[in-house]
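Okay, so here's the structure we're looking at.
The values are calculated or read from the model by the stated rules, or taken from the named source; none is laboratory data. Keep in mind that what you see is a predicted model, and the values were worked out from it rather than measured. Please note: Cβ atoms are built from the backbone with ideal geometry, for glycine as well, and neighbour counts cover all protein chains shown. Quick note on the areas: whole protein, heavy atoms, side chains included, nothing else; ligands and nucleic acids left out. Shrake-Rupley method; radii C 1.70, N 1.55, O 1.52, S 1.80 Å.
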Amino acid sequence: MLLPDPAHENIFLRGPSISSSEDITLPSDQHSPSITLQCNLTSAHSAHVSSYWMKNGVEVPETRGDRANTEYFLAKPKGPEAGEYMCVYTFEMAPSVNATINIKAGPDIVGHKRSDNKNEGQKALLYCKSTGFPYPVWSWRKLDNGVYMDIDNASGRFFITNLDNYTELSIVNLDIDSDPGEYQCNATNTIGTSSMVSVLRVRSYLAWLWPLLGVLFEVLVLVVIIVVYEKRKKPDDIQDGKPTPPTITKTRTFVRGPRTEKIITLIITHSMYVLTI
């Protein structure tokens, strides 16, 4: 009885073979030359159907073809182009195979919440977004006596959510004494690190009341001003022993005069401004 050839059996068990480009690390100054990723299907035991490229698990549009030697061109890639690239080959009678090429870059924070203004007792949300690969390890710190320190979560009010190149810091039931200040998000991977600062301001829960009281006070002042000017401009009811009818016309003319209207306009304008801030 003929025994199977071990060499032939090992070749069959190994399956299709792909040669591919090496991993690439982008320069930290964001000035990278153009890059061409390459994959070549060197052996297969089933008819090859197609090939295409994927980035971070998502198929790259317009990259499907039927060539065993496939390429993907990147013109001067920067941080957003970093990631896990994969060339994928499909077959008629066998599962698909792939090879992975990593384009690495240090994290670069490209978006963050610069500031947040809340009232005590409310919830604040700060966030940071970055580019780069591998995905960074995120951390949050708070400025304390000129030094950024790890956040003390003894109160259990701080919640951090990390998702690849994105992080959130949520603070519930804000405290007006301990929570305001500067918060720093920090992203670190094997290539480098990056950080950014957000400012949190916490106001008293009665803050909405002060503009309203200011408007009421100004309205009261307006009424007092009008009454005082009426008293000063109103003529005497009796002159030379002869009764004089009240000069209602003059009083109305004054109240509607340009000076009074100017005072009313200025106070109302200022009141509206106070209510909007």
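Being of a type in the set (S, T, N, Q) and at pLDDT 70 or above is the requirement here; does S271 meet it? Give the derivation first.
On the way: of a type in the set (S, T, N, Q): yes; at pLDDT 70 or above: no.
Here the answer is no, as S271 does not meet what is asked.
Does the range 132-151 include one or more residues that are of a type in the set (G, A, S), open to solvent by less than 80 Å² (accessible area, probe 1.4 Å), farther than 24 Å from K78 by Cα and at pLDDT below 95?
Scanning the range 132-151 turns up at least one residue that is of a type in the set (G, A, S), open to solvent by less than 80 Å² (accessible area, probe 1.4 Å), farther than 24 Å from K78 by Cα and at pLDDT below 95.
Restricting attention to the range 11-29, which residues are at pLDDT below 95, within 30 Å of the chain's Cα centre (by Cα) and open to solvent by 60 Å² or more (accessible area, probe 1.4 Å)?
Passing the criteria: S28, D29.
Any residue in the range 52-65 that is at pLDDT 95 or above, touching a Lys or Arg at 6+ places or on another chain (Cβ under 7 Å) and of a type in the set (S, T, N, Q)?
no
Checking the condition farther than 22 Å from P136 by Cβ, in contact (Cβ under 8 Å) with a residue 60 or more places away in the chain, acidic (D, E) and out of contact with any Phe, Trp or Tyr (no Cβ under 6 Å at 6 or more places or on another chain), which residue from E22, E92 passes?
So the residue among E22, E92 that is farther than 22 Å from P136 by Cβ, in contact (Cβ under 8 Å) with a residue 60 or more places away in the chain, acidic (D, E) and out of contact with any Phe, Trp or Tyr (no Cβ under 6 Å at 6 or more places or on another chain) is E22.
Exactly one condition in (1) part of a loop (DSSP other than H, G, I, E, B); (2) small (G, A, S); (3) surrounded by 16 or more Cβ atoms within 10 Å (Cβ to Cβ) is not met by S46; state its number.
(3)
Show the residue pairs meeting these rules: Cβ distance below 7 Å; 6+ apart or different chains; first residue within the range 28-57 and under 19 Å from P16 (Cα atoms); second residue of a type in the set (S, T, N, Q) and assigned to a loop (DSSP other than H, G, I, E, B).
So the pair list comes out as Q38/S21; Y52/T63; W53/T63.
Only residues that are more than 14 Å from R114 (Cβ to Cβ) and surrounded by 15 or more Cβ atoms within 10 Å (Cβ to Cβ): list them for the range 175-191, please.
Across the range 175-191, the qualifying residues are I176, D179, P180, N186, A187, T188, N189, I191.
Just to verify a result, which residue in the range 61-70, among those that are touching a residue at least 24 places away in the same chain (Cβ under 8 Å) and surrounded by 14 or more Cβ atoms within 10 Å (Cβ to Cβ), is farthest from G15 (Cα to Cα)?
T70
How many residues does the range 71-114 contain that are in contact with a Lys or Arg (Cβ under 8 Å, 6 or more places away or on another chain) and open to solvent by 50 Å² or more (accessible area, probe 1.4 Å)?
2
Select from the range 115-131 the residues that are in a strand (DSSP E or B) and among the basic types (K, R) and write down the one among them that is most open to solvent (accessible area, probe 1.4 Å).
So, considering only residues that are in a strand (DSSP E or B) and among the basic types (K, R), the one most open to solvent (accessible area, probe 1.4 Å) is K129.
In the range 160-174, which residues are within 20 Å of G111 (Cβ to Cβ) and either out of contact with any strand residue (DSSP E or B) (no Cβ under 9 Å at 6 or more places or on another chain) or open to solvent by 30 Å² or more (accessible area, probe 1.4 Å) (or both)?
I160, T161, N162, L163, D164, N165, Y166, E168
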